[in-house]
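This report refers to the structure that appears directly beneath it.
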Amino acid sequence: MSTPSTPKKLRRIAILTSGGDAPGMNAAIRAAARAALDRGVEVYGVYEGYQGLIDANMKLYKSPRELCNIINKSGTYLYTARCEAFKTPEGMAKVIENCKRRRIDGVIAIGGDGTFRGATDLSKHGIPTIGIPGTIDNDITSTDVTIGFDTAMNTAMNMIDNLRDTCESHARCNVIEVMGRWSGNIALRTGIASGASAIAIPEIPFDEDAAIQKIIAQKEQGKRSFIVVVSEGLVGYAEKLAKTIQEKTAIETKFARLAHIQRGGKPTLQDRLLASELGYTAIQYLFEGKSDIVVCKEDGKIGYKNISDALLVDRMFKKKMTEEEYAALSAEDKEWMEARCAKLLADMQRLYDIANNIC
Ligand code: F6P
């Protein structure tokens, strides 16, 4: 579905980051702010996500030189928060009042699905808002990639390489839990890139017995070190699996949870580039009069989806869509949403098969 748009005269916009931070968010802030300033629009940097809109905690940028040397920094320069107050009518009333008082007539919100729900609420209250996908999880179904995903995977891969070194010295196995919330994207790709003997993710059934038999066979072939990567979406499974592997293979097996280390570190080139493209394009869309959309990248091309569609296709992929929601979809929406979900799952299955055939 397309979003009606009319070219808009903007005076001031606001940029915020919300939800979990992700490396590359600063590059997106920089790109969006500079693209807006370049068009003669003043920019508020809002601190701590939607909470900053409630508290009017923001800084006005008038020159691109006020956003120097942040492209290479991790975390978010504007800080972030998960804000419950924003979901209340009182919270929203404060936001509207603050936006009116400061003459803010457009908002760029960088984050994950929670951030986009907030962006939709703002749009519905008359403040044009555009979402940019920034989350290490790469779990936004309507885009192939999210800001922070590449850096997080590289960080996880480097940590796993370190664990491999010590496993090799001691002839051990290490089961590593990586982040991703309910998505197995980080686990799948870092598992392949670090030569894991097995990978367990929520999207594809895991054959524990086959994985253990494979480790035993590899040991018999002379292998000394074993890496198993598990997504945190399989809650509590990684630690349990480490114990099972030790019991059934007699290989000493350690468990490691990489946790928040995956959210830090200098953003990779891929993340800086993606963030720059998405940040810049978000401003072009805002100037075209678009609102309530999320900027996406699919098959190498930048485009957008209405946030309601993006949230629905997300629910479909994560198997959270209710029968009523499914029944209410138009035939056209059903078709593209099902095709999108099938494509993503097929791609995961393809990588999973490769992983199982080359370890
Ligand atoms: O969404 C990013 C993420 O790091 C997830 O991978 C993880 O499940 C969650 O955030 C952790 O959240 P918090 O930073 O609130 O502990």
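The values are calculated or read from the model by the stated rules, or taken from the named source; none is laboratory data. Keep in mind that this is a model prediction, so the values were computed, not measured. In this analysis, Cβ positions are derived from the backbone assuming ideal geometry, glycine residues included, and neighbour counts consider all displayed protein chains. For accessibility, only protein heavy atoms count, side chains too; no ligands or nucleic acids. Shrake-Rupley method; radii C 1.70, N 1.55, O 1.52, S 1.80 Å.
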Open item on the list: At a threshold of 8 angstrom on Cα-Cα distance, excluding pairs fewer than six apart, so keeping six or more, what relative contact order does the chain reach in percent?
Closed with: 23
Task: Accessible-area composition of the stretch 65-179, carbon plus sulfur, in percent [1.4 Å probe] - done: 51
Task: Using alpha-carbon coordinates, inclination of helix 269-287 to the longest axis of the chain, degrees - done: 30
Task: Whole-number Å³ per residue for the convex hull built on Cα positions in the stretch 233-338 - done: 197
Open item on the list: Could you compute how fast the chain diffuses translationally, taking Rh as the Kirkwood radius over C-alpha pairs and applying Stokes-Einstein at 10 °C with viscosity 1.306 mPa s? Give it in µm² per second.
Closed with: 74
- [ ] Give the angle, between 0 and 90 degrees and rounded to the nearest 10, that separates the Cα long axis of helix 331-357 from the longest principal axis of the Cα atoms of the chain.
- [x] 30
- [ ] Using only alpha carbon positions, build the gyration tensor of the stretch 126-271, then give the equivalent ellipsoid semi-axes as the square roots of 5 times its eigenvalues, largest first, whole angstrom.
- [x] 31, 16, 11
TODO: Would you kindly derive the ³J(HN,Hα) couplings of the stretch 299-314 from the backbone phi angles with the Karplus curve 6.51 cos²θ - 1.76 cosθ + 1.60 (θ = phi - 60°), listing them in order in whole Hz, with x for Gly and Pro?
DONE: 6, x, 10, 8, x, 8, 10, 4, 4, 4, 5, 4, 5, 5, 5, 4
Task: Integer Hz, Karplus 6.51/-1.76/1.60 couplings in order for the stretch 56-63, x for Gly and Pro - done: 6, 9, 8, 10, 8, 9, 10, 9
Task: Pairs of Lys in the stretch 141-259 closer than 17 Å at Cα, counting only those 8 or more apart or on different chains - done: 10
Open item on the list: List the residues, sorted by chain then number, that are 5 or more residues from Thr135 or on another chain and whose placed amide H is less than 5 Å from its amide H.
Closed with: Ile147, Phe149
Open item on the list: Restricting to DSSP loop positions (anything but H, G, I, E, B) with no more than 16 other Cβ atoms inside 10 Å of their own Cβ, which trypsin sites (Lys or Arg not before Pro) remain in the stretch 26-70?
Closed with: Arg39, Lys62
Task: Rounded to whole Hz, the Karplus (6.51, -1.76, 1.60) HN-Hα couplings of the stretch 67-72, x for glycine and proline - done: 10, 8, 6, 10, 4, 9
Open item on the list: Cross-link candidates for Lys290: which lysines have Cα within less than 27 Å, leaving aside residues fewer than 8 places away along the same chain?
Closed with: Lys8, Lys9, Lys59, Lys62, Lys87, Lys94, Lys100, Lys124, Lys301, Lys305, Lys334
- [ ] Take every Cα pair under 8 Å in the stretch 1-142 that's 6+ residues apart, average their separations, divide by the length, and report that relative contact order as a whole percent.
- [x] 30
Open item on the list: On the principal axes of its Cα set, how long, how wide and how thick is the stretch 1-85? Give whole Å, largest value first.
Closed with: 33, 32, 28
Task: Crossing angle, helix 113-124 versus the chain [Cα axis fit, 0-90 degrees, rounded to tens] - done: 20
Task: With at most 15 neighbouring Cβ atoms within 10 Å, loop GluC sites (Glu not before Pro) (DSSP) excluded, longest segment of the chain - done: 85-251
- [ ] Amide H neighbours of Val230 under 5 Å, at least 5 residues apart or on other chains, H built in the peptide plane: list them.
- [x] Ile176, Glu177, Val178, Ala200
Task: Computed E for Glu324/Asp38 - FRET, C-beta separation, R0 51 angstrom, nearest 0.05 - done: 0.65
